[in-house]
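Report on one structure; see the data block that follows.
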Amino acid sequence: MATTAAAPADRGAPELVAPRSPQQRTKPGAAKVRSNFELYAWVFMRISGLLLFFLVLGHLFIMNILDGGVQRVNFGFVAGRWASPFWRMWDLVMLLLAELHGTNGLRTVINDYAERAQTRFWLKMLLYTSAFLVVTLGTLVIFTFDPDL
Amino acid sequence: MTVVDSRPAAAPGPAATGPAPVTVTLKIRRFDPEFTDEAHWESYQVPFDPSDRLLDAIIWVKWNVDGSLALRRSCAHGVCGSDAMRVNGVNRLACKVLVKDLGSEITIEPIKGLPVEKDLIVDMEPFFDAFRAVKPYLITDDHEPTRERLQSAEDRARFDDTTKCIMCAACTTSCPVFWNDGDYFGPQAIVAAHRFIFDSRDAGADERLEILNEREGVWRCRTTFNCTNACPRGIQVTKAIQEVKRALLFRRL
């Protein structure tokens, strides 16, 4: 946590320990880019959270509780459900919302807790890469699933 | 290191009169950049009366045990906002809490998140920078009235809560987002902006909302309510921040 701030020249003190890490990501005097990104991200978290509440609980209920629960889930069961576009859309929406919701949440956690600019950058790259892979792979499977495999 | 006052219990101090004094241990985070690089804890046995405030006990240490103990205080009545400190892990004004309510050992630290200069004194400049950044003054675009700018009681009530701020920094330095991200404006700056954004006489609301819409603005607030809990003036700080978020969302004031 400790970051050293340069001691003011007029004071004969050694460097002062500050438990604060100013990042100065926007250079003072630099032109401010007006953006509503944080606002949209905030709204997205609220709306996706609300939708996910129903999507995920519904998913868990169908997969784990409804007639026979998880015991009956096999290739045939998935093939049967995905014969209907409704369930494919359900799963696609759930995949996208959950992945983006989680990614944005982790982005916030990284912004909060990673201290060095380099650490932040690489953690976020790792995060975005993994999110991209999950979304791509999931979407691909949902659209190209072949029940006669 | 423990410093124990070895003089008789009748030493001049808050508990100089009355029955045998009750004592409390003050465990204070000391830091003097002229002699050490590291902060350390020191304990002091302090006699106190039930009516003594924490500030009285700290000043007793300064006057009777160690005059080098540095702290800010001015009015000592909870109005000037100089003596915010971290007491038993939460931000309080030392002049607004009674020693008897704080247990037998009281830990006292400087407020967290700002560079410590000496003992309980921190560099407040980053805090004031955030305050200045939200333009905390009346902005108007009409002609100056010949007399005063009138306002209805209802319009005044809209921002009454946020006029109570004394800028002690207890809220901002209790915020975990501020601890980790020094660029975050912090609760106090948002309270200061709220006071003008919702003032019917002010025309700078859009300007301030744009500033708080930035990456380090209100959207970083995680509603942990530390600020509301810390405010010695009882301002509903988290509520004020949410009102600014709502104003940004709907641009309806």
* Just give me the residues in segment B:227-240 being surrounded by fewer than 24 Cβ atoms within 10 Å (Cβ to Cβ) and either touching a Pro at 6+ places or on another chain (Cβ under 8 Å) or among the polar types (S, T, N, Q) (or both), in sequence order. => B:T228, B:N229, B:Q236, B:T238
* **Count of residues meeting criterion [farther than 30 Å from A:L60 by Cβ and at pLDDT below 95] in segment A:114-141** => 8
* **B:A76, sole failed condition from (1) at pLDDT 95 or above; (2) more than 14 Å from chain A (Cβ to nearest Cβ); (3) within 26 Å of B:N229 (Cβ to Cβ)** => (1)
* Structure fact -> For segment B:151-175 the number of residues that are of a type in the set (G, A, S) and touching a strand residue (DSSP E or B) at 6+ places or on another chain (Cβ under 8 Å) is 3
* Structure fact -> The one condition B:E214 fails out of (1) within 12 Å of another protein chain (Cβ to nearest Cβ); (2) closer than 18 Å to B:T173 by Cβ is (2)
* To do: Output the residue which, of all residues in segment B:169-190 that are within 12 Å of the chain's Cα centre (by Cα) and at negative phi, is nearest to the other protein chains (Cβ to nearest Cβ).
  => B:T173
* To do: Evaluate segment B:147-156: report whether one residue or more is in a helix (DSSP H, G or I), buried (at least 19 other Cβ atoms within 10 Å of the Cβ) and touching an Asp or Glu at 6+ places or on another chain (Cβ under 9 Å).
  => no
* Structure fact -> From the option list A:E38, A:E99, single residue qualifying as surrounded by 15 or more Cβ atoms within 10 Å (Cβ to Cβ), more than 14 Å from every other protein chain (Cβ to nearest Cβ), assigned to a helix (DSSP H, G or I) and of a type in the set (D, E) is A:E99
* Taking B:L138, is it in contact (Cβ under 8 Å) with a residue 12 or more places away in the chain, among the hydrophobic types (A, V, I, L, M, F, W, C) and away from chain A (no Cβ under 14 Å)? -> yes
* Asked: If you go through segment B:157-167 one residue at a time, do you hit one that is more than 30 Å from B:K62 (Cβ to Cβ), without any contact (Cβ under 8 Å) to a residue 24 or more places away in the chain and of a type in the set (V, I, T)?
  -> no
* Go through segment B:178-218 residue by residue and tally those that are in a helix (DSSP H, G or I), in contact with an Asp or Glu (Cβ under 7 Å, 6 or more places away or on another chain) and modelled with pLDDT under 90. => 1
* Take the residues in segment B:22-41 that are over 23 Å from the mean Cα position of the chain (by Cα) and closer than 20 Å to B:G89 by Cα, then tell me which one is modelled with the lowest pLDDT. => B:E38
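The values are calculated or read from the model by the stated rules, or taken from the named source; none is laboratory data. Remember, it's a predicted structure, so these values are computed and weren't measured experimentally. Using ideal geometry, Cβ is built from the backbone for each residue, glycine included, and neighbour counts are taken over all protein chains shown.
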